[in-house]
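Asker: Please find one structure pasted underneath; my questions will follow.
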Amino acid sequence: MIIDIEILLIIMSFIGTVAFSVSGALIAIENKLDLFGVIILGVITACGGGIIRDIMLSKEIRIFTEPWYLLTSVGVGIIIRFLAFRFKWSLSKVKLNENDT
């Protein structure tokens, strides 16, 4: 079974979007943000780099032409916030010493 290269790129892009959205949502939960904050930070983390890339290359911004990027990021943010609330995740913050700053 041969996978078309375009389908492979779409799958990899989806996996990357989900991974970065999860990382942004977890940072938001660590800082005790509400649902809106979790969604916003997840979207910015997942889509921010692509937006900057498209602006620098003078191309159409993909988040506006292909809405699945935005919808995936929002959906992942909602799911992560629900899971954190449901299972009472208490994520630890990294504490810096005064010598580290």
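The values are calculated or read from the model by the stated rules, or taken from the named source; none is laboratory data. Keep in mind the model is a prediction, meaning the values are calculated, not measured. Counting neighbours? That spans all protein chains shown, and the Cβs are built from the backbone with ideal geometry, glycine included.
Asker: Does any residue in the stretch 56-69 that is more than 21 Å from SER21 (Cβ to Cβ) come within less than 7 Å, Cβ to Cβ, of a residue that is in a helix (DSSP H, G or I) six or more places away or on a different chain, and which pairs are these?
Answerer: Close Cβ pairs satisfying both conditions: GLU60/ASP54.
Asker: Further question: Does the stretch 42-91 hold any residues that are modelled with pLDDT of 90 or more and on the phi > 0 side of the Ramachandran plot, and which are they?
Answerer: Result: SER58, single match.
Asker: Does VAL94 qualify as being of a type in the set (Val, Ile, Thr), at pLDDT 95 or above and either surrounded by 15 or more Cβ atoms within 10 Å (Cβ to Cβ) or in a loop (DSSP other than H, G, I, E, B) (or both)? Let's see the steps before the verdict.
Answerer: On the way: of a type in the set (Val, Ile, Thr): yes; at pLDDT 95 or above: no; either surrounded by 15 or more Cβ atoms within 10 Å (Cβ to Cβ) or in a loop (DSSP other than H, G, I, E, B) (or both): yes.
No, not satisfied.
Asker: Answer yes or no as to whether VAL18 is surrounded by 13 or more Cβ atoms within 10 Å (Cβ to Cβ), of a type in the set (Val, Ile, Thr) and either modelled with pLDDT of 95 or more or on the phi > 0 side of the Ramachandran plot (or both).
Answerer: Values: surrounded by 13 or more Cβ atoms within 10 Å (Cβ to Cβ): yes; of a type in the set (Val, Ile, Thr): yes; either modelled with pLDDT of 95 or more or on the phi > 0 side of the Ramachandran plot (or both): yes.
Here the answer is yes, as VAL18 does meet what is asked.
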